[in-house]
Amino acid sequence: MRAILLAAGKGERLRDITKSIPKPMLKIKGKPILEHNIEWLKSHGITKIYINLHHLPDVITDYFEDGEKFGVSIKYSYEPQLLGTAGAVRKILVNNWEEVEKGDFEPLVVIYGDNLVNFNLKEILDFHKRKGGVATIVVYEKEDVSQSGIVLLDKNDRVLKFIEKPRPEERLSHLVNAGIYILETKVIINYIPADRYSDFGKDIFPSMLKKGAKIFAIKMKGELIAVDTPELLNKALNLNQDMRGK
């Protein structure tokens, strides 16, 4: 099984800090966020990892190299111009399609590289297999959803709507996108346009839902901190628990 860690963003809301270091390389408990996520993937048996790059790419490649010293295999995908979360995934799949085929089109784990996560990935993968959808979105409850992507679900956990940064009248749910997806590679690539910027939350998931695609969501059990603001960074810096899923 393979995973993509999305690490190309500039971290605009932390620009005073991220001028000289990519946000996923900020250290929490003595290790970059990306390293925590790589250890988490490895703890669940996933050792084939792709990382997309844009802002200060050498900081990431010089640290992780090919991944061997971390017990994984890492390939990089450089983006001269940002492609968005979905565009990045499409580029990686296209450029590594032979490997994807050899893996019998196993589901792909996609993680926003600046998120600190701590949950049972096997539980998520079992849910995805059981539901039989094209995509599974990990969600969690949040009070202020104004800057998040919200999901509305039916009684069977199928996603009815996905609204990115909803207006006040659209805030009908407190379940928000955690930035962790399980995707069916052979199918998902057909929904992502080639050679242009596209975002899962703003573009792809809403478009898929309009076309009747089966997308499910599972509420996260565990800790997630999206290190998006100085306040959230401070929260992450004060963490005491082991950030790897059990």
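No value in this document is a laboratory result; all are computed from the given coordinates. Small disclaimer: the values here were computed from a predicted structure and weren't measured. Because the Cβ atoms are built from the backbone with ideal geometry, glycine has one as well, and the counts that use them run over all protein chains shown.
If you take all other residues with their beta carbon under 13 Å from the beta carbon of His128, and give Lys and Arg +1 and Asp and Glu -1, the sum is +1. Inter-label distance, His174 to Lys19: 3.9 nm, where each label sits 7 Å from its Cα along the C-beta direction. The H on the amide N of Lys219, modeled in the peptide plane, is under 5 Å from the matching H of Val139, each at least 5 residues off or on a different chain.
Reported value for the chain: 125 Å³ per residue, from the convex hull of its C-alpha atoms.
Taking the Cα centre of segment 113-177 as origin and assigning +1 to Lys and Arg Cβ atoms and -1 to Asp and Glu Cβ atoms, the resulting dipole is close to 320 debye. In order along segment 189-203, phi translates into HN-Hα couplings of 4, 6, 9, 9, x, 7, 6, 7, 5, 8, 10, 4, x, 7, 10 Hz, rounded to whole numbers, per the Karplus curve 6.51 cos²θ - 1.76 cosθ + 1.60 with θ = phi - 60° and x for Gly and Pro.
Spacing of the modelled spin labels on Trp97 and Lys29, each 7 Å from Cα toward Cβ, amounts to 4.1 nm.
For segment 47-123, GluC sites (Glu not before Pro) meeting the loop criterion (DSSP other than H, G, I, E, B) and having at most 12 other Cβ atoms within 10 Å: Glu65. Distance from the Cα centre of segment 187-211 to that of segment 22-52, in angstrom? Taking the Cα centre of segment 22-52 as reference, the centre of segment 187-211 is 26 Å away.
Could you compute the net charge surrounding Phe70? Neighbours are other residues with a C-beta less than 10 Å from the C-beta of Phe70; K and R count +1, D and E count -1.
-3
For segment 105-218, rounded, prolate or oblate, judged on the Cα gyration tensor with a ≥ b ≥ c (square roots of eigenvalues), a/c < 1.5 rounded, else prolate if a/b > b/c? Rounded, because the longest to shortest axis ratio a/c is under 1.5.
Would you tally the net charge around Gly87, using a Cβ to Cβ cut-off of less than 11 Å, leaving Gly87 out, and scoring K and R as +1, D and E as -1? Don't jump to the answer; show the numbers that get you there.
Values: positive: Arg90, Lys91, Arg196; negative: Glu79, Asp195, Asp199, Asp203.
Here the charged neighbours net out to -1.
In this structure, the amide hydrogen of Arg2, modeled 1.01 Å from its nitrogen in the peptide plane, lies closer than 5 angstrom to those of Val109, counting only residues at least 5 positions away or on a different chain.
Ranking Ala213, Ile74, Thr136 by how far each Cα lies toward the positive end of the dipole of segment 2-237 (charges on Cβ) leaves Ala213 at the top. The dipole here belongs to the chain: it is taken about the Cα centre, uses +1 on the Cβ of Lys and Arg and -1 on the Cβ of Asp and Glu, and is about 540 debye. Our coupling estimate for segment 112-121, obtained by passing each phi through the Karplus curve with A = 6.51, B = -1.76, C = 1.60 and θ = phi - 60°, is 5, x, 9, 8, 9, 10, 8, 8, 8, 5 Hz, Gly and Pro reported as x.
Using θ = phi - 60° in the Karplus curve 6.51 cos²θ - 1.76 cosθ + 1.60, the 3J(HN,Hα) couplings for segment 137-147 round to 10, 7, 10, 8, 7, 9, 6, 8, 9, 4, 10 Hz; x is entered for Gly and Pro.
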